[in-house]
Amino acid sequence: MASSAERMLSGRFRVGSAAGGTVGRTGSPERGRRRTMPSRKRGTAILAAAMAALIGLLSMPQAVSAAAEKQAEGGYAPTMVVLDASGSMTAADPGGGTKIAAAKRAVHGLVDSAPADSRVGLAVYGTGTGNSAAEKAKGCQDIHVLRGPEPIDKQEITGAVDRLRPSGYTPIGRSLQVAAKELPEQGPRSVVLVSDGEDTCAPPDPCEVAKQLADAGIDLVVHAVGFSVDEKARKQLTCIAQSTGGTYTEAPDAGSLERSLPRVTAAALRNYEPAGTPVRGGESPSDASALKPGQYLDTVHPTNSPDDVQFYSVEAPRGSTIYLSGTVPEARDRAAKGAVQIESIGPGGQTCDKQVAQDTAADVGGVATARLRLDTTDSDYAGCEGGGTYTFGVYYRSQQPDAARKPLELLVGLEPGADTAGLPPATSDAVPFEQPAGKALPVTGGGSFGTAATLDGSGRYTDGVRYGEFVFYRVRVDWGQAVKYRVHLGASPVGGQTRAATVLYSPSRQAFDTDAADYSGDELTLDGVVSDDGVGGIPVRYLNRDNLSADDQGPSLAGWYYIGFRLDPSARGSVDQVPVTLDVSVAGDREAAPYRSDVFGAKRAAPTAADTPGDQSAGEPADVAGTTERSPLLPWLAGGAAVVGLLIVLIGVLVHRRRRGLG
């Protein structure tokens with residue numbers, strides 16, 4: 001039975017629907033008073049206006065692109081590194097040299113390993129005063145932002161660090177406030193704090209500052225690194241990290257700091273990284289934003305009201321199938337904070353009553369994903385058959401409705417109809433797991449679907465995953481093939497129990513197999529619930545969509561399959577990465593493709609005689625971040641060409657008239 005929220009949502013759709021309810025916002029042009037002027041001046045004015053129009057048309061794509069780029073930038077979570085440069089950092093390091101020299105080398109390692117497109121800033125405290133009692137008031141405000149969280153400039157950051165001279169106090173609480181203000185107001189973001197001792201300036205108490213940031217609903221995580229600290233400082237730094245869902249790492253000497261800081265920063269950067277072409281959902285069905293196959297990025301307001309809905313539309317020919325998924329990054333703790341809801345409206349304005357509120361649980365605590373599949377040939381759903389404009393309402397139902405807006409990824413697919421005669425029959429039988437041979441290859445999982453690490457088919461792959469991370473990998477699976485995998489967690493002393501989970505997603509982001517278990521630091525293997533020897537394993541066949549229930553359809557799309565792995569935060573903080581091994585098997589013979597088109601908007605050449613029935617291109621989504629069928633610059637380029645043509649004509653007319661006047 002539908003919940004009251006779902007019934008209210010359905011009612012809102014019906015009231016707000018319009019037949020053919022479509023697309024786009026248009027504005028009325030301003031009308032000015034018409035004035036007359038001499039013909040020569042009028043011609044000059046027309047020429048000037050045309051030139052202005054050309055300049056406007058040529059500059060608008062740049063402005064639009066810049067705005068889109070600004071909205072979509074930051075595939076990695078913006079991160080501020082806060083470095084202790086107080087007087088205590090002049091002390092000797094147990095491994096030789098001074099603590100500040102070790103910290104500088106660690107920052108160099110961090111910078112060297114940071115991705116080129118990451119956004120990393122640097123703040124320091126303790127460099128502007130001494131640490132005498134007379135200087136305390138000034139020293140406790142002594143925090144300097146050397147660089148904000150901009151695209152990383154490795155030379156600038158390392159140069160600034162090399163010039164540091166430690167001397168002052170340790171205002172950790174105040175430095176967290178300063179670093180938080182430097183970061184964007186919305187979206188995942190991180191602070192990496194390195195300190196060799198406790199705060200010497202409280203108030204504000206640093207643990208209370210961290211709790212205030214968390215209580216304010218700010219999606220900010222603080223990872224703390226304790227460099228040769230005592231028990232009191234260790235307790236304070238652990239509290240800071242755990243209050244925001246971050247991690248605490250112990251670095252007893254220079255060598256461990258140099259190994260830990262790049263790793264902790266990599267974890268901070270690897271928050272969920274939303275990606276896609278910027279779009280803004282309409283406020284009503286009649287104002288829905290038109291989408292084509294591809295991936296889009298919007299924001300959504302967490303709400304417990306079904307009135308806060310965003311609308312999008314997709315034009316679909318009769319016989320096609322529409323796929324729409326919505327993904328919202330979730331909180332890093334184990335409890336799901338919300339769920340994505342999707343409902344559809346047919347071309348005639350009726351709500352498709354049996355396509356309401358697909359399962360939207362936050363699969364393993366890392367993302368909330370809803371996926372809707374709508375077959376336009378299905379006559380069981382009144383008003384949801386035939387070609388035309390289909391409208392979709394999306395909202396994010398949350399237990400924290402007052403939180404800031406969250407990123408919303410939308411993946412749109414349009415699958416053509418297929419002649420099912422002669423296609424292989426549906427199956428729900430999983431193939432046996434085939435243990436891959438050969439040497440394990442190191443990979444680094446991405447922070448989202450759009451940045452998933454690509455696995456080269458069957459093989460063994462190793463990664464290191466920190467507590468609180470949710471990472472993604474992808475592997476290509478063709479028609480007739482099946483992907484099956486196991487996740488092995490190595491031994492890692494953590495001093496507390498946590499939860500490990502994995503989920504297998506189809507190209508449309510349908511989760512159809514998962515496994516989870518408690519992890520206490522001993523070796524553990526996750527191997528699925530569909531079969532007992534691996535996650536997944538059902539061959540990809542077009543007719544699988546009709547074999548199982550609507551809520552649990554088998555894999556029926558060829559393309560990229562996504563492996564998500566989640567390790568919940570440790571109850572007592574972690575000391576290192578957990579070693580993870582993926583054993584992946586892609587088995588089975590390729591079978592005939594039911595169609596030759598790109599469901600999710602990938603661009604490819606038309607099929608040639610060289611294409612084989614098992615060609616992997618059929619129905620696969622390519623690297624979907626930002627893919628659409630048509631470049632947004634084309635209308636502007638066409639307009640620019642038209643204005644150029646107009647200019648040539650006007651210049652010819654003016655020259656001709658001038659010659660006649662002079663002759």
Scanning segment 420-472 residue by residue, those within 27 Å of Gln242 (Cα to Cα), outside any loop (DSSP other than H, G, I, E, B) and in contact with a Leu (Cβ under 6 Å, 6 or more places away or on another chain) turn out to be Val465
In segment 111-139, residue farthest from Asp84 (Cα to Cα) [restricted to those that are touching a residue at least 60 places away in the same chain (Cβ under 8 Å) and in contact with a Pro (Cβ under 6 Å, 6 or more places away or on another chain)]: Ser113
Exactly one of these conditions fails for Leu164: (1) outside any loop (DSSP other than H, G, I, E, B); (2) hydrophobic (A, V, I, L, M, F, W, C); (3) under 25 Å from Ala114 (Cα atoms). Give me its number. (1)
On the given criteria, is Gly348 touching a strand residue (DSSP E or B) at 6+ places or on another chain (Cβ under 9 Å), within 23 Å of Leu220 (Cα to Cα) and either modelled with pLDDT under 80 or surrounded by fewer than 24 Cβ atoms within 10 Å (Cβ to Cβ) (or both)? no
Tell me, please, whether a residue that is over 27 Å from Ile342 (Cα atoms), touching a His at 6+ places or on another chain (Cβ under 7 Å) and surrounded by fewer than 24 Cβ atoms within 10 Å (Cβ to Cβ) can be found in segment 465-483. no
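In the set Ala134, Ala63, which member is out of contact with any helix residue (DSSP H, G or I) (no Cβ under 8 Å at 6 or more places or on another chain), part of a helix (DSSP H, G or I), surrounded by fewer than 18 Cβ atoms within 10 Å (Cβ to Cβ) and at pLDDT 50 or above?
Ala134
Please verify whether segment 357-369 includes one or more residues that are crowded, with 16+ Cβ neighbours inside 10 Å and modelled with pLDDT of 80 or more.
First, the residues of segment 357-369 that are crowded, with 16+ Cβ neighbours inside 10 Å: 357-358, 360, 362-369.
Applying the additional criterion that residues be modelled with pLDDT of 80 or more yields 368-369.
Yes; the residues of segment 357-369 include at least one that is crowded, with 16+ Cβ neighbours inside 10 Å and modelled with pLDDT of 80 or more.
Does Ala241 count as in the same structural domain as Ala114 (by TED's automatic domain parsing) and without any contact (Cβ under 8 Å) to a residue 60 or more places away in the chain? Write out each step before concluding.
Numbers: in the same structural domain as Ala114 (by TED's automatic domain parsing): yes; without any contact (Cβ under 8 Å) to a residue 60 or more places away in the chain: no.
Criteria not met by Ala241.
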Residues of segment 288-325 that turn out to be more than 15 Å from Lys406 (Cβ to Cβ), in a strand (DSSP E or B) and of a type in the set (D, E, K, R), as a count: 1
I'd like to check something: does segment 234-243 contain any residue that is surrounded by fewer than 24 Cβ atoms within 10 Å (Cβ to Cβ), among the hydroxyl-bearing types (Ser, Thr, Tyr) and within 26 Å of the chain's Cα centre (by Cα)? yes
Looking at (1) more than 25 Å from the chain's Cα centre (by Cα); (2) modelled with pLDDT under 90, can you tell me which one Ala593 breaks? (2)
Out of (1) modelled with pLDDT of 90 or more; (2) buried (at least 21 other Cβ atoms within 10 Å of the Cβ); (3) among the aliphatic types (A, V, I, L, M), what's the single condition that is false for Leu441? (2)
From Thr376, Thr391, Thr451, which residue is modelled with pLDDT under 85, among the β-branched types (Val, Ile, Thr) and either farther than 23 Å from Pro285 by Cβ or buried (at least 19 other Cβ atoms within 10 Å of the Cβ) (or both)? Thr451
Going through Gly126, Gly130, Gly139 one at a time, which residue ends up being of a type outside the set (Ser, Thr, Tyr) and in contact with an Asp or Glu (Cβ under 7 Å, 6 or more places away or on another chain)? Gly126
Identify all residues within segment 85-113 that are over 34 Å from the mean Cα position of the chain (by Cα) and over 14 Å from Val161 (Cα atoms); write none if there are none. Gly87, Ser88, Thr90, Ala91, Ala92, Asp93, Pro94, Gly95, Gly96, Gly97, Thr98
When Pro204 is run through (1) outside any loop (DSSP other than H, G, I, E, B); (2) surrounded by fewer than 20 Cβ atoms within 10 Å (Cβ to Cβ), the failure sits at (1)
For segment 151-161, enumerate the residues that are part of a loop (DSSP other than H, G, I, E, B) and buried (at least 17 other Cβ atoms within 10 Å of the Cβ). Ile152
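Scan segment 142-150 and tell me whether some residue there is within 23 Å of the chain's Cα centre (by Cα) and surrounded by fewer than 21 Cβ atoms within 10 Å (Cβ to Cβ).
Filtering segment 142-150 down to residues within 23 Å of the chain's Cα centre (by Cα) leaves 148-150.
Filter again for surrounded by fewer than 21 Cβ atoms within 10 Å (Cβ to Cβ), leaving 148, 150.
Within segment 142-150 (the criterion being within 23 Å of the chain's Cα centre (by Cα) and surrounded by fewer than 21 Cβ atoms within 10 Å (Cβ to Cβ)), the answer is yes, since at least one residue qualifies.
The values are calculated or read from the model by the stated rules, or taken from the named source; none is laboratory data. Here the structure is a predicted model, which is why all the values come from computation and not from measurement. When we count neighbours, we look across all protein chains shown, and the Cβ atoms used for this are built from the backbone with ideal geometry, even at glycine.
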